[in-house]
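For reference, the structure discussed in these notes is given below.
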Amino acid sequence: MKTLAVLFATLFATYSFAQQTLKDLNADLVSQDKAPLMIELFTSEGCHSCPRADKWLRKLNNTEGLWTEYVPMAFHVDYWNYLGWPDRFSSKSYSHRQRKYQRDGQVNSVYTPGFVVSGQEWRGWFSNPSLQFLQQRVITPTTPESLTLEVEDGYYRLAFDGDGSEIGGANVVLLGMGVKTDVKRGENRGKLLEHDFVVLDWQKLDNQTTQWSGVLNDEFDSEVSAYAIVGWVENPNVNEPQKIVAGFLSSPGN
């Protein structure tokens, strides 16, 4: 009976964890003086060459320096959906973000998989996907101002303690970890795709204030094994981060 009781307790604990939703999780995050690298991957479940890049991004979950030295995000674009597999994580706004990089001269062309690191195109990933090389190549700003990000009950509060005239607005991104897709059609037909750092919600905020708040999108609760969140304020002249804050969401007390 004791063995059964222990087994039941273990199963109950596992089930309870699985039932956690976004509204059960909190965060209280503060930026560092030196901004980490912001690594954006533009990808698609309908692109046959993207799984390799998705896999590389997933490995960053187990690498020292996550959130403090680099912040990974996978924006799923929608322009390959016509190939037979509509990517449920894709958004027209994510495609627009990549195209804006091109219009602003920060990337040469729009393609997947495509990497942008702190506002700069990283074509070198295809020949040398090294974080050490990347950290030597891209210099991020160091500033004394702080950016704080709090999450509670599915709501976020982002605050910048610097001069609002020196930033070009703010952004908040919700990331999902441990997401899987069994692709039935298209170029990746028959593959089980696994995603970490997938963008589930991107909110671009105005530059008329230094404090922002909002509600996070919880539509993928049943699929996500863990959540993370990223907030940043932008350079007013070019689409690159000035100050970044990021981290995992967790249960209160953990």
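The values are calculated or read from the model by the stated rules, or taken from the named source; none is laboratory data. This one's a predicted model, so the numbers in the text were calculated from it and none came from an experiment. When we count neighbours, we look across all protein chains shown, and the Cβ atoms used for this are built from the backbone with ideal geometry, even at glycine. Remember, those area values only see protein heavy atoms, side chains included, never the ligands or the DNA or RNA. Shrake-Rupley method; radii C 1.70, N 1.55, O 1.52, S 1.80 Å.
Note on Ser109 and Lys34: with the Förster distance fixed at 25 Å, the Cβ-Cβ geometry gives a FRET efficiency of about 0.20. Remind me, relative contact order of the chain in percent, using alpha carbon pairs under 8 angstrom and six or more residues apart? Contact order relative to length: 26 percent. Please state the relative contact order of segment 109-176 as a whole percent: Cα pairs under 8 Å, 6+ residues apart? Averaging sequence separation for qualifying contacts and normalising by length gives 16 percent for segment 109-176. Using a probe radius of 1.4 angstrom, the carbon and sulfur fraction of the accessible surface of segment 157-239 is 40%.
With a probe of 1.4 Å, find how much accessible area the chain has per residue, and write the answer as a whole number in Å².
Ligands and nucleic acids excluded, the result is 49 Å² per residue.
Which lysines have a Cα less than 16 Å from the Cα of Lys34, not counting those fewer than 8 places away in the same chain? Partners within reach: Lys243.
Largest GNM mean-square fluctuation among Arg58, Arg157, Arg103, using the chain with Cα springs under 10 Å: Arg103.
Between Leu158, Leu174, Leu205, the residue with the greatest mean-square fluctuation in the GNM of the chain (Cα pairs under 10 Å linked by springs) is Leu205.
Only Cα pairs within less than 10 Å get springs; with that Gaussian network setup on the chain, which residue of Asp196, Asp161, Asp28 has the largest fluctuation? Sorting by GNM fluctuation, first place goes to Asp161.
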